[in-house]
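Peer 1: The following block contains the structure, expressed as structure tokens.
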Amino acid sequence: MDVTTKYIPKIEQVREAAETLKGVAVNTPLTHSLTYSRAFDTNVFLKREDLQVVRSYKIRGAYNKMRSLSEEEKARGIVCASAGNHAQGVAMSCNKLGIKGTIYMPAPTPKQKINQVKMFGEDQIDIVLEGDTFDDSNKAAIAECNKLGKTFVHPFNDEKVIEGQATVGLEILEQANMPIDYLFVPVGGGGLASGVSSVFNLLSSRTKIIGVEPEGAPSMSMSIKNNANTELTKIEKFVDGAAVQKVGDKTFEICKQFLHHMITVPEGKVCQTILDLYNKDAIVVEPAGALTISALDQYKDEIRGKNVVCVVSGSNNDITRTAEIKERALLYANLKHYFIVRFPQRAGALKEFVAEILGPNDDITHFQYTKKHSREDAPAVVGIELKSEKDLLPLIERMKAHHFYGDYLNDKPDLFQYLV
């Protein structure tokens with residue numbers, strides 16, 4: 001792909017994209033959040049892209065790109081690689097535009113996501129499960145493009161895609177009846193952030209734009225720090241909608257100019273936000289959709305009394321991840337702890353542990369034990385949930401005093417990965 005680092009979307013191009021998207025993408029609401037406004041003593045508004053027709057903003061860029069293809073390009077068909085929201089946006093665009101598409105997805109992609117893509121694309125798309133990772137699928141997709149002369153629809157590093165995502169910023173400014181002091185936008189490959197920040201630079205330059213990445217995948221943060229688009233060798237993929245090893249060359253050039261700050265938030269904090277949004281406001285979001293709200297406490301002093309907008313980017317969350325989300329939230333809050341506990345091989349040892357070692361509010365949530373008759377004691381892996389993080393040290397002290405303590409596993413990643 002030919003990379004032009006000087007590209008910046010013009011407002012005319014964004015307005016043209018908005019016209020193109022009429023009747024396709026929903027003009028999503030900008031809603032006042034009473035919960036977060038009270039929590040931070042400010043005016044927090046949520047741009048609800050989780051309510052978009054494919055439950056994320058990705059339809060905007062995908063459709064705008066595919067609508068711009070020549071008749072010859074449309075006839076040859078398109079290819080993309082995605083395990084998530086981009087695939088759904090491309091599939092729906094294929095359906096609406098009558099373009100044949102091939103969507104490459106990693107073999108381990110959950111069936112729920114595959115079925116969603118099929119639903120939106122119907123008979124206009126073919127799904128190819130290729131490789132174990134997104135990189136495997138991406139390489140296969142590009143190879144098909146090169147072999148058959150099809151158009152590759154990139155999830156973020158494309159001018160028409162950026163202009164489509166930029167319509168989110170245009171809508172925010174049209175909907176807001178007040179000046180916006182801070183705008184928090186999630187960053188994965190940078191398509192949304194580069195588009196929205198370009199619009200705000202032209203129409204609301206006083207607004208501070210804060211890009212937010214997951215702590216385990218800080219590709220844009222690292223690139224801006226290095227002043228060069230930098231590929232990460234390893235990333236944490238939990239926030240799958242915003243976890244990329246390398247951002248786009250086009251998006252990087254725009255974001256480094258127009259984002260006022262880039263910050264990261266821990267994955268555990270994101271999980272707590274997901275739970276809070278559901279429990280307090282009945283809002284269902286995917287991990288990437290919770291990024292911007294998760295960043296507010298890092299700016300709590302700056303945003304007090306200000307007008308703040310958070311882009312909630314999507315709601316394609318798999319219900320089977322709920323247990324992991326709760327677990328990560330508890331670990332982040334320092335309320336879930338795993339130990340190797342050495343139980344004396346005698347009757348009543350477990351009863352003693354429960355009665356004398358555990359605190360009155362402590363709860364055993366994981367227990368794995370094998371009795372070995374040839375030893376005086378036998379280790380068990382025990383997970384304990386606390387009501388307060390202050391209860392941890394007294395718990396460890398009681399375990400040591402009664403000779404139950406074996407080891408603490410939370411800070412041993414090589415072992416801990418098998419538990420979480």
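Peer 1: Can you tell me which of (1) at pLDDT below 95; (2) surrounded by fewer than 18 Cβ atoms within 10 Å (Cβ to Cβ); (3) of a type outside the set (S, T, N, Q); (4) touching a Phe, Trp or Tyr at 6+ places or on another chain (Cβ under 6 Å) is the one Met1 doesn't meet?
Peer 2: Just one mismatch for Met1, condition (4).
Peer 1: Restricting attention to the range 106-138, which residues are of a type in the set (Lys, Arg) and under 19 Å from Lys237 (Cα atoms)?
Peer 2: Passing the criteria: Lys111, Lys113.
Peer 1: Continuing with the same structure: So, restricting to helices (runs of 4 or more DSSP H) that lie completely within the range 36-101, which ones have at least 3 residues that are surrounded by fewer than 24 Cβ atoms within 10 Å (Cβ to Cβ)?
Peer 2: 71-76, 85-97
Peer 1: Would you mind finding the one in Ile209, Ile235 that is outside any helix (DSSP H, G or I), buried (at least 21 other Cβ atoms within 10 Å of the Cβ) and not small (Gly, Ala, Ser)? Walk me through how you get there before you give the answer.
Peer 2: On the way: Ile235 fails: buried (at least 21 other Cβ atoms within 10 Å of the Cβ).
Being outside any helix (DSSP H, G or I), buried (at least 21 other Cβ atoms within 10 Å of the Cβ) and not small (Gly, Ala, Ser) holds for just one of Ile209, Ile235, which is Ile209.
Peer 1: Okay, next question. State which residue is modelled with the lowest pLDDT when the search covers only the range 219-253 and only residues that are closer than 23 Å to Tyr299 by Cα and of a type in the set (Val, Ile, Thr).
Peer 2: Within the range 219-253, the match that is modelled with the lowest pLDDT is Val239.
Peer 1: Continuing with the same structure: State the number of residues belonging to the range 8-35 that are within 26 Å of Glu159 (Cα to Cα), part of a helix (DSSP H, G or I) and not charged (D, E, K, R).
Peer 2: Total satisfying the criteria: 7.
Peer 1: Follow-up question, since we're still on this one. Condition test on Ala347, is it surrounded by fewer than 14 Cβ atoms within 10 Å (Cβ to Cβ) and not assigned by TED's automatic domain parsing to the domain that holds Val270?
Peer 2: yes
The values are calculated or read from the model by the stated rules, or taken from the named source; none is laboratory data. Everything numeric in this text was worked out from a predicted model, so none of it was measured. Note that each Cβ is placed from the backbone with ideal geometry, even for glycine, and that neighbours are counted across all protein chains shown.
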